[in-house]
Amino acid sequence: MKYVDEFRDPEKARVLLKEIEQLAEQIHQRIQRPVYLMEVCGGHTHSIFRYGIETMLPACIELIHGPGCPVCVLPMGRVDDCVALAQDSKVILTTFGDAMRVPGSKKSLLAAKAEGCDVRMVYSPMDALGLARKNPDREVIFFGLGFETTMPSTALTLLQARREGITNFSLFCNHITIIPTIKAVLDSPDLKLDGFLGPGHVSMVIGNAPYQFIAEHYKKPVVIAGFEPLDILQSIWMLLKQLAAKESKVENQYSRVVPDKGNRVALDAISEVFELREFFEWRGLGSIDHSGVKMKQSWADYDAEAKFVVPAIKIADPKSCQCGEVLKGAIKPWDCKVFGRACTPETPLGALMVSSEGACAAYYQYGDVEKLEQHRISLQELPA
């Protein structure tokens, strides 16, 4: 990619949209219902709303905003565990900015910081390792989260810490995996879905092959997509071409970044440090088998869950929040009764309102202003 403008060309967008409209109408006439397409990645959700892509598409195409925002699916109990770790006066707890705002059952890490806990925002796990070097008398814990996209940097940081003999550094691991999550979505009884926009950043690490089961077993087409407007429009066009031809295969629109076989160095680092958990809890989706990773026993001296007492209490999601239904595409964010009322980016009740990649935050920030105002008026008519 030489210039970003190449991927934001209005004329090319108009050509794609015309072909999308023709294909969508053809499919709609055949199936007699909307065409449901899920973008798995929260980065795609953000781009779709930032550039107004959803409003450009034909009315018969429904985009479903999937579970690919790792901050958004973090359960309350894990946030509470982080707060408990941060309350230890010997600990410096570090994490990414979005993770500091995720609500736990009583408070967020940001609230714990305001109360005096030493919680620090970092841009990478290497920043956290740097703090461990500078503070040899303190225990530095990195609250690691994210899909396979961020897993390699965490693994490589741990390998570096061991090489240097830094013993006051550990990881509270909340990394998650994309494939079991997609399978859980596909197995959902209330699923309405015809195809997937595959996650670009995750695929850069794992490659294309892990998605083959979606096309072969579930007969759903997958197109791995980039994040610029033309990337997303072309990927939707590619999905519709498959659906029009009654095909289901895995295609790679983002080939300029995503190698078919993934990144061997990254995958080797992951396999050296991590292994699959038997199950992992997701906010809004419940427990999903083998959907998270933990540190191998040989890395126990760098595992915060082995070095410290972690409460590990399961906390139920607020009943008023319907993040789970939004994640599975059963409802739109507008349909949640607390959206834009009790739940806003300033005071997030649900996790999907925390990160800019969350569907609710994207709807709130970039959604149709008139629809949002109508939604607020309708909410005012509800009982308090």
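The values are calculated or read from the model by the stated rules, or taken from the named source; none is laboratory data. Keep in mind the model is a prediction, meaning the values are calculated, not measured. Cβ placement follows ideal geometry from the backbone for every residue including glycine, while neighbour counts extend to all protein chains displayed.
If you check L23 against the conditions, is it assigned by TED's automatic domain parsing to the domain that holds E228, of a type in the set (A, V, I, L, M, F, W, C) and in a strand (DSSP E or B)? Show your work before the answer.
Details: assigned by TED's automatic domain parsing to the domain that holds E228: yes; of a type in the set (A, V, I, L, M, F, W, C): yes; in a strand (DSSP E or B): no.
In short, no.
With the structure loaded, tell me whether T149 is assigned to a helix (DSSP H, G or I), out of contact with any Lys or Arg (no Cβ under 8 Å at 6 or more places or on another chain) and surrounded by 22 or more Cβ atoms within 10 Å (Cβ to Cβ) or whether it fails that test. Show your work before the answer.
Values: assigned to a helix (DSSP H, G or I): no; out of contact with any Lys or Arg (no Cβ under 8 Å at 6 or more places or on another chain): yes; surrounded by 22 or more Cβ atoms within 10 Å (Cβ to Cβ): yes.
The answer is no for T149.
Could you check how many residues of the stretch 284-319 are in the same structural domain as T150 (by TED's automatic domain parsing), in contact with a Lys or Arg (Cβ under 9 Å, 6 or more places away or on another chain) and part of a loop (DSSP other than H, G, I, E, B)?
Here the count works out to 4.
Please enumerate the residues belonging to the stretch 210-225 that are within 20 Å of the chain's Cα centre (by Cα) and either modelled with pLDDT under 95 or surrounded by fewer than 24 Cβ atoms within 10 Å (Cβ to Cβ) (or both).
Once the filter is applied, which keeps residues that are within 20 Å of the chain's Cα centre (by Cα) and either modelled with pLDDT under 95 or surrounded by fewer than 24 Cβ atoms within 10 Å (Cβ to Cβ) (or both), the stretch 210-225 yields P210, I214.
Of the residues A132, A112, A155, which is more than 21 Å from the chain's Cα centre (by Cα), within 13 Å of Y302 (Cα to Cα) and buried (at least 20 other Cβ atoms within 10 Å of the Cβ)?
A132
Looking at (1) of a type in the set (G, A, S); (2) in contact with a Phe, Trp or Tyr (Cβ under 6 Å, 6 or more places away or on another chain); (3) under 22 Å from E357 (Cβ atoms), which one does A161 not meet, given that it meets all the others?
Just one mismatch for A161, condition (3).
Just the residues that are without any contact (Cβ under 8 Å) to a residue 40 or more places away in the chain and closer than 22 Å to L240 by Cα, please, taken from the stretch 176-191.
K183, L186
Among the residues of the stretch 263-285 satisfying the criterion of being closer than 19 Å to T181 by Cβ and of a type in the set (D, E, K, R), which is nearest to the chain's Cα centre (by Cα)?
R283
For the stretch 253-268, check the following and say yes or no: at least one residue is surrounded by fewer than 24 Cβ atoms within 10 Å (Cβ to Cβ), basic (K, R), modelled with pLDDT of 95 or more and farther than 30 Å from A161 by Cα.
no
Under 6 Å by Cβ, and 6 or more places apart or on different chains, what pairs join a residue from the stretch 192-204 that is free of Cβ contacts under 8 Å to residues at least 60 places away in the same chain with one that is surrounded by 24 or more Cβ atoms within 10 Å (Cβ to Cβ) and of a type in the set (A, V, I, L, M)?
S203/I224; S203/V258; M204/V258
Out of (1) assigned to a helix (DSSP H, G or I); (2) within 28 Å of G68 (Cα to Cα); (3) free of Cβ contacts under 8 Å to residues at least 24 places away in the same chain, what's the single condition that is false for L158?
Every condition holds for L158 apart from (3).
In the stretch 26-88, which helices (runs of 4 or more DSSP H) lie fully inside it and hold 2 or more residues that are touching a helix residue (DSSP H, G or I) at 6+ places or on another chain (Cβ under 8 Å) and within 24 Å of V4 (Cα to Cα)?
42-50, 53-56
Which of the residues that make up the stretch 46-72 are at pLDDT 90 or above, touching an Asp or Glu at 6+ places or on another chain (Cβ under 6 Å) and either crowded, with 21+ Cβ neighbours inside 10 Å or on the phi > 0 side of the Ramachandran plot (or both)?
Matches in the stretch 46-72: I48, L63.
Taking V310 as meeting all but one of (1) farther than 17 Å from F172 by Cβ; (2) surrounded by fewer than 18 Cβ atoms within 10 Å (Cβ to Cβ); (3) not basic (K, R), write down the number of the exception.
(1)
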